[in-house]
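First comes the structure, then the notes that go with it.
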Amino acid sequence: MHLFTTEGAIVDKPAFHTLLYRYFFFDWLFKDMGTGNLFERAAAVRHNREQARWLPIYVLRWLWWGLGFYALGSVVELILEATTLATLFYVIGGLSVPFNVAIAAAWIGLKGLHGPV
């Protein structure tokens, strides 16, 4: 399926697995700051600092998914009394914590620290 822009250009619609990956992971937003000459690295740093504005949205996504799985684990444990299945939901919900820590560290590093390139 193709999408059309306002200029009339044809753009391919991304596949579902690509959209799903982009929903949860943010590395596609950033450029490598370690390659190229001084000007290309400086441009990559500026680009990455601008793109860091999207990181709080990823924190919220991981937070809500984590809380949802934790709540699902609570429901399964209390109502269905299936502790093994509840453990699966608790572990999946707990995995959102390290992702949020990594996202917060990246956001602080890109937005809060303004050191030399």
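Throughout, read-outs are computed from the coordinates displayed, never taken from laboratory work. Given the structure is predicted, the values throughout are model-derived calculations rather than measurements. Note that each Cβ is placed from the backbone with ideal geometry, even for glycine, and that neighbours are counted across all protein chains shown.
Summary table
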item	result
Efficiency of FRET from Cβ geometry, Leu95 and Lys31, R₀ 30 Å, rounded to 0.05	0.65
Cα long-axis angle, helix 96-107 against the chain (0 to 90 degrees, to the nearest 10)	20
Shape category assigned to the stretch 2-112 from the gyration tensor of Cα positions, a/c cut at 1.5	oblate
For the stretch 23-33, 3J(HN,Hα) per residue [Karplus equation, 6.51 cos²θ - 1.76 cosθ + 1.60, θ = phi - 60°, Hz, x = Gly/Pro]	5, 9, 10, 10, 5, 5, 7, 10, 10, 6, 8
Stretch gain in nm, segment Tyr23-Leu113, where the contour uses 0.36 nm per residue and the Cα spacing is subtracted	29.8 nm
Relative contact order [Cα under 8 Å, 6+ residues apart], the chain, whole percent	22
